[in-house]
Amino acid sequence: GDYVPFGAVGAPAVAVFTTDFTQKSQELQLLGTTENWDFVTGLYYYQDEAEQDATQSELIGVVGQTDLTSTNNESAAIFAQATWTPNLMSQRWHFTLGGRYSWDKREAERNNQAALSSFIGSYEKEFRNFNPSFTVAFDINDHSNIYGKVVSGYKSGGTSTRSANADLFAQGFDEEDILSYELGYKGDFWNRRARFNAAIFRMNIDGLQTSIQTDPISPGGRDFLPVDGNTISGAEADLNLLLTQGLSLALGYGYLDTQLGEDSVTTPDGRSYELIDHMPFAPEHSYTAALDYQLPIANGVWGFNLNYGYQSEVDTSINVQENIAIDAYGLWGAAISWSDIGIGKIPGSFRMLLWGKNLTDEEYGIIRTLAWSNFGATDVQTFGDPRTVGLTLTYRY
């Protein structure tokens, strides 16, 4: 089990969760290739069981109220995908058709005496879904191609193990469906010293499983309510260049435009929650840059790396009452390595890596919420790591 405390001196809540969790999974695949066909097919199975006890959690001075949840989940799937390369135009065309049939079973029992409206409830439901995909690719030459694909996706429904509402726990939430479109290019040029990949995409999402605080007091009492008609559009590109012998540059950029399809959601007891206009944790702009240099020496290879990553401002919750933005930030990192070190007759090789992250000691948030504002905590934020340096030693044999 895990012990996860949360809180501070004078805080209105201390969360203590003890969780026992076991899982097992198995996948079988059959792969094959002929002159014009490549294919893969297989079977997948997954099962888990969990017990969560939050009875020792405390809210505004009240502790020891029963808060127990047990779950049992099963998933199984059969999948297949085949690519046909016809004898046309020197076999430059590739057509890929795939499909996956999924079966999921979700079971849960919950005894929540810590909520404002306490309850004992159970949940059981099965979900079945078939998701096809189709891709067309064309080789412009031996080193580049363009492609287009349409892919459907599915996320099983279920219920909330932190539910604070008897009706919502018993009712649960339905599956989430995604239909994705993508056009892209992949290519090598400059005598294969440069590689450029780019894509534009759009996703339509129905049944978005939206986490909403349904306990009027505790931000931990949450259920999932569906939101339909959502879209995610964007573009991404990355460029890798071998500038000189041993010196390479990697650049990456991503753009996101997200839209929520509904302005609000309403719980079974009639409470309405206003929603923000777009997805949380979806930066409009993000980019990365890295410069690497490798220098072979008599005993091994010296390596040098300098990197930078940036993301623009993001929202943190789909619910207006809980949402607060995390400011844009950029982080610098660097590393010096000595690899492939041989020491006498010792088999294998050694590697030393001196690294640093967030070199400018930027203060940046990774989680932020207004959920505790009713208790006077108008801004609760978890910050990322400060400037961190380390030395890593590796032995490979």
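The values are calculated or read from the model by the stated rules, or taken from the named source; none is laboratory data. Just so it is clear, the model here is predicted, and its values are computed rather than measured. Quick reminder, even Gly has a Cβ in these numbers, built from the backbone with ideal geometry, and neighbours come from all protein chains shown. These accessible areas exclude ligands, DNA and RNA; they are computed on the full protein's heavy atoms, side chains included. Shrake-Rupley method; radii C 1.70, N 1.55, O 1.52, S 1.80 Å.
Ellipticity at 222 nm from helices only: DSSP H runs of n ≥ 4 in the chain, each -39500 (n - 2.57), divided by the residue count, give -500 deg cm²/dmol.
Could you please state, rounded to a whole Å, how far the C-alpha centre of the stretch 339-397 is from the C-alpha centre of the stretch 11-54? Value for the Cα centre distance between the two parts: 27 Å.
For the chain, the convex hull spanned by the alpha carbon atoms encloses 197 Å³ per residue.
In this Cβ point-charge picture (+1 for Lys and Arg, -1 for Asp and Glu), the stretch 197-269 has a dipole of about 380 debye about its Cα centre. Taking all protein chains together, Met89, Met352 sort by accessible area into Met89, Met352, largest first [probe 1.4 Å]. When +1 charges are put on Lys and Arg Cβ atoms and -1 charges on Asp and Glu Cβ atoms, the dipole computed for the chain relative to its Cα centre reaches about 1700 debye.
Sequence-distant contacts, meaning Cα pairs under 8 Å at least 6 residues apart, place the relative contact order of the chain at 7 percent. Solvent-accessible surface of the chain, taken per residue with a 1.4 Å probe and all protein chains present: 57 Å². Under a Gaussian network description of the chain, with springs only between Cα atoms under 10 Å, the residue in Leu306, Leu295, Leu225 that fluctuates furthest is Leu295.
Excluding the site residues themselves, the longest part of the chain lacking any trypsin sites (Lys or Arg not before Pro) in a DSSP loop with at most 15 other Cβ atoms within 10 Å is 93-191.
For the stretch 22-69, a Kirkwood radius taken over Cα pairs fed into Stokes-Einstein (25 °C, viscosity 0.890 mPa s) yields D = 161 µm²/s. Residues in the stretch 375-389 carry Karplus couplings, in order, of 9, x, 8, 6, 8, 9, 9, 9, 9, x, 4, x, 3, 9, 10 Hz; the curve used is 6.51 cos²θ - 1.76 cosθ + 1.60 with θ = phi - 60°, and Gly or Pro positions show x.
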